[in-house]
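Notes to accompany the following structure.
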Number of protein chains: 2
Amino acid sequence: METISTNRSHDGIQGVYRHASAATGTDMTFSVYVPPHAEGARLPVVWYLSGLTCTHANVTEKGEFRSACAELGLIFVAPDTSPRGEGVPDDPEGAYDFGLGAGFYVDATQEPFSRHYRMWSYVTDELPGIIGESFPADMTRQSIMGHSMGGHGALTIGLTLPDRFRAVSAFSPIVAPGAVPWGQKALAGYLGEDKAAWRRHDAVALIEDGARVPELLVDQGAADQFLDGQLQPHRLRDACDAAGIGLTLGLHEGYDHSYYFISTFMETQLRWHAARL
Amino acid sequence: METISTNRSHDGIQGVYRHASAATGTDMTFSVYVPPHAEGARLPVVWYLSGLTCTHANVTEKGEFRSACAELGLIFVAPDTSPRGEGVPDDPEGAYDFGLGAGFYVDATQEPFSRHYRMWSYVTDELPGIIGESFPADMTRQSIMGHSMGGHGALTIGLTLPDRFRAVSAFSPIVAPGAVPWGQKALAGYLGEDKAAWRRHDAVALIEDGARVPELLVDQGAADQFLDGQLQPHRLRDACDAAGIGLTLGLHEGYDHSYYFISTFMETQLRWHAARL
């Protein structure tokens, strides 16, 4: 693991790191904020999965999470959103919603993507190993959150691994990718046309198929341009109601899909996580 | 004035605006955060002047000021750092420390810069008029802060207009540009070789020449790579001591010159301003 940069911030260290990933077969870059802590302490870990077009850098620069993480004693990990580099195939037309920057947190089964696009394995298996080894992390206390495509990732990973994550939340998530254009394109491209294979990567379908967590927290901007076409949080509301999952869904007047929205509600989400870690 | 973008954030509105500036003879872009407020209320204004290479966008995205401004009821204005566009001369070699992104908050007297590089007039005269007209601002309650070159701007403007600004502070400012390479290059290039003309744009020289404010607040990273070569806060310490100006100079172990440092101390600086507004 190579250290790209470290900067002192809010009395802790914001680092950016790169390593050769076995999962993706590429170099991968991620960021970790380690708050101030006592020598030898092991701290809980909050995973943050980013949305379409993002790298680790967007939330690292604009997320306004460090002040709360410093106060609450939380390590904050931000992976990239796809493999990148020489030989990594992209969307054939270079679209922003597939390929580079749009890994959708799945292990692709379709050529030519199956070689490198293994973000599920990367985020759930390989990177946790690195975090546990190289940072003062208590891996028995983890939680996960994300934005948009990363909210989809946080919900599907949290629902699949309920014993690992003590809290699961999202900002403006894609809750039912199988039902909306972004998700239909990505899941077909990475997993093929058989929609049965999509259900493990669709939060609403996972809940319909029996996945359970005690509670979920979702914040959503009411002025989000993608609300009706791509996000459709009412589908999660309905699935959680039917399954008896306690969903706290905050619909916030005037807020859009940007980091100006995320940063506004980051502190309250982190406090909700900390109370469960 | 053209609105480029508005985003709801921390219950207020973060806007970015563009207008044709008479001072610079170019279009100029700036950002304004207006916190939540009662209908008809007029709010105090904090000016933030940015450093070399920056536009309004750096602090707007990375400054972490909105949460505190929302709580404290402060309008936050971030101008650009130079004129830009067709016909605006740059550093002959394209260096980052002169010309575009490096206006140094002076009105240039030297060709070819004197036509457009009029950032002093822009920031102290033209833009305040726009803020007072177009935003719910109480222009009888203003304060000013800045970073690096913008810290120089905040100190020199605050010392020159002590009746306008109720609080003056800086992050890692260039306190004595006439004595360090960045400032010597800029002041010679914009104002000419006669160093007498530089003293009105040098915080330490202004204090030596009689400028007075009751107090100043400066935060400085002890691990700042520019500390010894360009910033030299001890010069401000000495000048303030000799002049009886109450300087609070915080030297912070481990912190560098970046927005990771600025964002860490933004809230405490804003609270210091709010208490004086």
> Since B:ARG8 meets every condition but one in (1) open to solvent by 60 Å² or more (accessible area, probe 1.4 Å); (2) in contact (Cβ under 8 Å) with a residue 12 or more places away in the chain; (3) of a type in the set (Lys, Arg), which condition does it not meet?
Replying inline: (2)
> Of all residues in the stretch A:211-228 being open to solvent by 30 Å² or more (accessible area, probe 1.4 Å) and among the acidic types (Asp, Glu), which is farthest from A:ILE144 (Cα to Cα)?
Replying inline: A:ASP228
>> Quick check on my filter: what residues within the stretch B:229-251 are within 14 Å of chain A (Cβ to nearest Cβ) and either in contact with a helix residue (DSSP H, G or I) (Cβ under 7 Å, 6 or more places away or on another chain) or open to solvent by less than 30 Å² (accessible area, probe 1.4 Å) (or both)?
In response: B:GLY250
>> So if I check each of A:ARG237, A:ARG271, which one is in a helix (DSSP H, G or I), among the basic types (Lys, Arg) and either without any contact (Cβ under 8 Å) to a residue 12 or more places away in the chain or farther than 28 Å from B:VAL59 by Cβ (or both)?
In response: A:ARG237
> Is there any pair linking a residue in the stretch A:49-77 that is away from chain B (no Cβ under 14 Å) to one that is at pLDDT below 95 and surrounded by 22 or more Cβ atoms within 10 Å (Cβ to Cβ), with Cβ under 8 Å and at least six apart or on different chains, and which?
Replying inline: none
>> Looking at the stretch B:97-107 only, could you name the residues that are open to solvent by 10 Å² or more (accessible area, probe 1.4 Å) and part of a strand (DSSP E or B)?
In response: B:ASP107
>> Among the residues in the stretch A:256-265, are any in contact with a helix residue (DSSP H, G or I) (Cβ under 7 Å, 6 or more places away or on another chain), closer than 17 Å to A:VAL59 by Cα and at pLDDT 95 or above?
In response: yes
> Restricting attention to the stretch A:157-176, does a residue exist that is touching a residue at least 12 places away in the same chain (Cβ under 8 Å), open to solvent by 10 Å² or more (accessible area, probe 1.4 Å) and part of a helix (DSSP H, G or I)?
Replying inline: yes
> Do you know which of the residues in the stretch B:14-53 that are within 14 Å of the chain's Cα centre (by Cα) and open to solvent by 10 Å² or more (accessible area, probe 1.4 Å) is nearest to B:GLY146 (Cα to Cα)?
Replying inline: B:LEU52
> Is it the case that some residue within the stretch B:233-255 is closer than 28 Å to B:PRO92 by Cα and modelled with pLDDT of 95 or more?
Replying inline: no
> Among the residues of the stretch A:240-263, which ones are without any contact (Cβ under 8 Å) to a residue 60 or more places away in the chain and assigned to a helix (DSSP H, G or I)?
Replying inline: A:CYS240, A:ASP241, A:ALA242, A:ALA243, A:TYR260
> Could you count how many residues in the stretch B:138-159 are over 8 Å from the mean Cα position of the chain (by Cα) and farther than 16 Å from B:ARG212 by Cα?
Replying inline: 6
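Every residue, every condition in (1) buried (at least 19 other Cβ atoms within 10 Å of the Cβ); (2) on the phi < 0 side of the Ramachandran plot; (3) in contact with a Ser or Thr (Cβ under 8 Å, 6 or more places away or on another chain), yes or no:
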position: B:GLU93; (1), (2), (3): no, yes, no
position: B:TYR122; (1), (2), (3): yes, yes, yes
position: B:ASP125; (1), (2), (3): no, yes, no
position: B:GLY153; (1), (2), (3): yes, yes, no
> Would you pick out the residues in the stretch A:71-96 that are closer than 15 Å to A:MET149 by Cβ, of a type in the set (Gly, Ala, Ser) and assigned to a loop (DSSP other than H, G, I, E, B)?
Replying inline: A:SER82, A:ALA95
>> Looking at A:ALA211, A:ALA188 in this structure, which one is assigned to a loop (DSSP other than H, G, I, E, B) and away from chain B (no Cβ under 14 Å)?
In response: A:ALA211
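Any residue in the stretch A:217-224 that is touching a residue at least 12 places away in the same chain (Cβ under 8 Å), among the polar types (S, T, N, Q), within 14 Å of chain B (Cβ to nearest Cβ) and closer than 30 Å to A:ARG141 by Cβ?
So far as the stretch A:217-224 goes, yes, one or more of its residues are touching a residue at least 12 places away in the same chain (Cβ under 8 Å), among the polar types (S, T, N, Q), within 14 Å of chain B (Cβ to nearest Cβ) and closer than 30 Å to A:ARG141 by Cβ.
The values are calculated or read from the model by the stated rules, or taken from the named source; none is laboratory data. Note that the coordinates shown come from a computational prediction; the quantities given were computed from them, not determined experimentally. Note that each Cβ is placed from the backbone with ideal geometry, even for glycine, and that neighbours are counted across all protein chains shown. The accessibility values were calculated without ligands, DNA or RNA, using every heavy atom of the protein model including side chains. Shrake-Rupley method; radii C 1.70, N 1.55, O 1.52, S 1.80 Å.
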